[in-house]
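What follows is one structure encoded as structure tokens, with my remarks underneath.
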Amino acid sequence: MKFFIDTANVEEIRKAKNLGVLDGVTTNPSLLSKENLSIKEIDNHYLSICKILEETGKKGDISAEIISSNYEDIIQEGEKLSSIHPKIVVKIPISKNGLKAIQYFSKKNIKTNCTLVFSSGQALLAAKAGSNYVSPFIGRIDDLSSNGLTLIKEIKDIYDTFHFKSKIIGASIRNTLHIIECAKIGIYAVTSPLKIIETLLYHPLTNKGLEKFLKDYKEKIY
């Protein structure tokens, strides 16, 4: 399973690269707004992220989300985003106009990521429209006292049954359990802040064992 970093922060992305867990990046308007960029700086910011992805030597990409809702505007914005760099995937929220745009981009061989997916029906429509990625939101579904992981499993079963090519990215990751369960289900990737991925490193028995090894070494070896 691949790890996408859910951020627009270049420093965090570079840290993920140095740790060896950078397979791709997902951004959204909220994450982008945290970087205090002007409109004129956004394209170069995306280019900076693409450069880091290229440094990994992997085939990872970055999802850049559109802010338009009108069909013609989505097309115009998506084409502009995709022209910035080959690694950019046009991220489109699920909607009637969004589905139409995904179908259009699919015919143009422009990669897309259908986002804000909260049901199997939405995921089915996105796959039929030809979206390269589909991003169901796990944590936000959990917030409504439903089970986001159950949704991930349902979508995976549907895609496997009908041999859809769309890849599932588990989004709205809140904890390590979400990551491990997604891995067990066998989806393509999760997208998460780096700090959540880093928590996979830690276990109290590992810390205890390391402490004992070092203590024994210092006491017995001279």
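Just so it is clear, none of the values below were taken in a lab; they were calculated from the coordinates. Every value quoted in this text rests on a predicted model; they were computed, and no experiment measured them. Neighbour counts run over all protein chains shown; Cβ positions are idealised from the backbone, glycine included.
Take the Cα gyration tensor of the stretch 9-87, multiply each eigenvalue by 5, square-root it, and list the three semi-axes largest first, rounded to whole angstrom. Please list the in-between numbers first.
On the way: eigenvalues 107, 40, 22 Å².
In descending order, the three semi-axes are 23, 14, 10 Å.
Sort the stretch 32-71 into rounded, prolate or oblate with this rule: let a ≥ b ≥ c be the square roots of the eigenvalues of the Cα gyration tensor; rounded if a/c is under 1.5, and if a/c is not under 1.5, prolate when a/b is larger than b/c, oblate otherwise.
Values: a/c = 2.87, a/b = 1.50, b/c = 1.91.
Judged from the Cα gyration tensor, the stretch 32-71 comes out oblate (a/c at least 1.5, b/c at or above a/b).
With label points built 7 Å along Cα→Cβ from the Cα atoms of S38 and L144, find their separation and express it in nm.
Reported label-point gap for S38 and L144 is 4.1 nm.
Tell me, what is the percent relative contact order of the stretch 91-213, built from C-alpha pairs under 8 Å that lie six or more residues apart? The partial results should precede the final answer.
Details: 181 pairs, mean separation 23.2, N = 123.
Averaging sequence separation for qualifying contacts and normalising by length gives 19 percent for the stretch 91-213.
Taking each pair of distinct Cα atoms in the stretch 64-116 once, what is the resulting Kirkwood hydrodynamic radius in Å?
On the way: mean 1/r = 0.0953 Å⁻¹.
About 10.5 Å, per the Kirkwood formula over Cα pairs.
Among G130, S146, I102, whose Cα lies farthest out toward the positive end of the dipole of the stretch 2-220, if unit charges sit on the beta carbon of Lys, Arg (+1) and Asp, Glu (-1)?
Highest projection toward the positive end goes to G130.
What is the calculated FRET efficiency for S83 to L177, with r their C-beta to C-beta distance and R₀ = 30 Å, to the nearest 0.05? Mind dumping the intermediate values first?
Values: r = 39 Å, r/R0 = 1.31.
FRET efficiency, S83 to L177: 0.15.
Between the stretch 145-195 and the stretch 47-89, what is the separation of their alpha carbon centroids in Å?
22 Å
Subtracting the Cα-Cα distance from 0.36 nm times the residue separation, let me have the gained length for N109 to K215 in nm, one decimal.
Numbers: separation 106, 0.36 × 106 = 38.16 nm, distance 5.84 nm.
That pair, N109 and K215, stretches by 32.3 nm at full extension.
Nearest 0.05, what FRET efficiency do N207 and E72 give at R0 = 45 Å with Cβ-Cβ as r? Show your work: numbers first, answer last.
Details: r = 56 Å, r/R0 = 1.25.
It comes out at approximately 0.20.
Can you put V21, V190, V10 in order of Cβ neighbours within 10 angstrom, beginning with the fewest? Display every interim value, and only then the final one.
Working: V21 19, V190 28, V10 15.
Lowest to highest Cβ neighbour count: V10, V21, V190.
What's the ranking of 208-216, 193-201 by average number of surrounding C-beta atoms within 10 Å, highest first?
On the way: 208-216: 10.1, 193-201: 14.7.
Final packing ranking: 193-201, 208-216.
Just want the ordering: Y133, Y188, from fewest to most Cβ atoms lying within 10 Å of their own Cβ.
On the way: Y133 25, Y188 18.
Fewest-to-most ranking of Y133, Y188: Y188, Y133.
Compute from the Cα atoms of the stretch 182-222 the Rg and the Dmax, the latter being the longest Cα-Cα distance, and quote both in angstrom.
In order Rg, Dmax, the Cα atoms of the stretch 182-222 give 17.0, 50 Å.
On full extension of the chain, what length is gained from D160 through I196, given 0.36 nm per residue of separation minus the C-alpha to C-alpha distance? Don't skip to the answer; put the middle values down first.
Working: separation 36, 0.36 × 36 = 12.96 nm, distance 2.83 nm.
Additional length available on full extension: 10.1 nm.
Mind sorting out which of [x] 1.05; [y] 0.98; [z] 1.08 is the real Rg/Rh (Cα atoms, Kirkwood Rh) computed from the coordinates?
Given [x] 1.05; [y] 0.98; [z] 1.08, the structure-derived one carries the label [x].
Treating only the Cβ atoms of Lys and Arg (+1) and Asp and Glu (-1) as charged, compute the dipole magnitude of the chain about its Cα centre; round to the nearest 20 debye.
Values: 31 positive and 25 negative charges, 103 e Å.
Roughly 500 debye, rounded to the nearest 20.
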